[in-house]
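Below you'll find the structure, written out as structure tokens, and then a few comments.
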């Protein structure tokens, strides 16, 4: 059985995916009219900001001995709230916020004494570790970009 990836390796993979994602949104993603379900590229950026920040909050809470960060509702509900709160912001402002959220998350991960500690609690009560969040974020960002690219070709 392979040993789990180190904190540095997980963060390096997430950094790589975020760089690729930002390159997409600085180019084709900025002008695409593609949608995945009801979400446009701008909506996806707004979603990234919240979930990166919420993950950082979870890491920080766990590092301080606090509880896992609770998600207030399902992803669609969170996405709609984020979309409404940020709908007036420019694409450039959203990209800046994504970069800032990623930097905050990176610092929170580096300061985390144990990434295998629960840092997130879903609405169904399920706990998610920091390691699981990092793995999911990297896959999730890449998946969203692929879905938008596929929708743009359709």
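The values are calculated or read from the model by the stated rules, or taken from the named source; none is laboratory data. Every value quoted in this text rests on a predicted model; they were computed, and no experiment measured them. As a convention, Cβ positions derive from the backbone with ideal geometry for all residues, glycine included, and neighbour counts pool all protein chains shown.
If only one of 104, 84 is within 13 Å of residue 50 (Cα to Cα) and loosely packed, with under 13 Cβ neighbours inside 10 Å, which one is it?
Only one candidate passes the filter, namely 84.
Look at residue 114 and say whether it is out of contact with any helix residue (DSSP H, G or I) (no Cβ under 6 Å at 6 or more places or on another chain), under 24 Å from residue 39 (Cα atoms) and either loosely packed, with under 13 Cβ neighbours inside 10 Å or in contact (Cβ under 8 Å) with a residue 40 or more places away in the chain (or both). So residue 114 fails the test. Restricting attention to region 1-38 and to residues that are touching a helix residue (DSSP H, G or I) at 6+ places or on another chain (Cβ under 7 Å) and not in a helix (DSSP H, G or I), the residue that is surrounded by the fewest Cβ atoms within 10 Å (Cβ to Cβ) turns out to be 4. Of the residues making up region 39-86, those that are outside any helix (DSSP H, G or I), over 27 Å from residue 117 (Cβ atoms) and in contact (Cβ under 8 Å) with a residue 40 or more places away in the chain number 1. With modelled with pLDDT of 95 or more and closer than 27 Å to residue 3 by Cα as the only criterion, which of 56, 23, 63 stands out? Going through 56, 23, 63 in turn, the sole match is 56.
Across region 6-25, the number of residues qualifying as more than 17 Å from the chain's Cα centre (by Cα) and either touching a residue at least 12 places away in the same chain (Cβ under 8 Å) or farther than 19 Å from residue 138 by Cβ (or both) comes to 0.
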